[in-house]
Amino acid sequence: MKTVLILCTGNSCRSQMAEVLLNHDLAGQVRALSAGTKPQPKVADGAIAALAAAGLPTAGLYPKDVDAVMNEAIDLVVTVCDNAKETCPVFPRPVPRLHIPFHDPHGEPLESFIAVRDDIRARLVPAVRDALGL
């Protein structure tokens, strides 16, 4: 099983939704983790609602600092915002990277979170599948 790290700035929305979607859609092939370069205090309510609306699990989601996952055996890093791409840390060993930016729906209505969730599913899941040769 391959381990994928989804990296964002706050780890409160896009990266959390990407983690859940990858773990669901590529179950048994990928273990997705998410982290942030400057994690927020909690996962955005809109992200939780958008995941729940699709019948996806949200229990146990919380923002994590990238330092918390540095010692994981990561096979692929995916940055989902431009700031995280620019500040992506150096990992203990070389790790392939993808950058797939998504709109930040913070402060917008639930429909925006749902649109980003669907965009992540449409673009990120196949990109990870291709990058890992699954």
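If you go through the range 21-35 one residue at a time, do you hit one that is in contact with a Pro (Cβ under 6 Å, 6 or more places away or on another chain), modelled with pLDDT under 95 and farther than 14 Å from Val128 by Cα?
no
Taking the options Gly55, Gly46, Gly60, name whichever one is surrounded by fewer than 23 Cβ atoms within 10 Å (Cβ to Cβ), at pLDDT 95 or above and either assigned to a loop (DSSP other than H, G, I, E, B) or in contact with an Asp or Glu (Cβ under 9 Å, 6 or more places away or on another chain) (or both).
Selected residue: Gly55, the only one of Gly55, Gly46, Gly60 that is surrounded by fewer than 23 Cβ atoms within 10 Å (Cβ to Cβ), at pLDDT 95 or above and either assigned to a loop (DSSP other than H, G, I, E, B) or in contact with an Asp or Glu (Cβ under 9 Å, 6 or more places away or on another chain) (or both).
List the residue pairs whose Cβ atoms are under 8 Å apart, where the first residue sits in the range 46-71 and is more than 19 Å from His24 (Cβ to Cβ), the second is of a type in the set (D, E, K, R), and the two are 6 or more positions apart or on different chains.
Cβ pairs passing all conditions: Pro63/Lys42.
With the checklist (1) of a type outside the set (Asp, Glu); (2) modelled with pLDDT of 90 or more; (3) in a helix (DSSP H, G or I) in hand, flag the one item Asn83 doesn't pass.
(2)
In the range 1-43, which residues are surrounded by fewer than 19 Cβ atoms within 10 Å (Cβ to Cβ), touching a Leu at 6+ places or on another chain (Cβ under 6 Å) and in a loop (DSSP other than H, G, I, E, B)?
Gln29, the sole residue that qualifies.
Can you name the residue in the range 70-80 that is within 13 Å of the chain's Cα centre (by Cα) and over 15 Å from Val20 (Cα atoms) and, of all such residues, is modelled with the lowest pLDDT?
Out of the qualifying residues, it is Thr79.
The values are calculated or read from the model by the stated rules, or taken from the named source; none is laboratory data. On a predicted model such as this, the values are computed, not experimentally measured, just so you know. We place every Cβ from the backbone using ideal geometry, glycine too, and count neighbours over all the protein chains shown.
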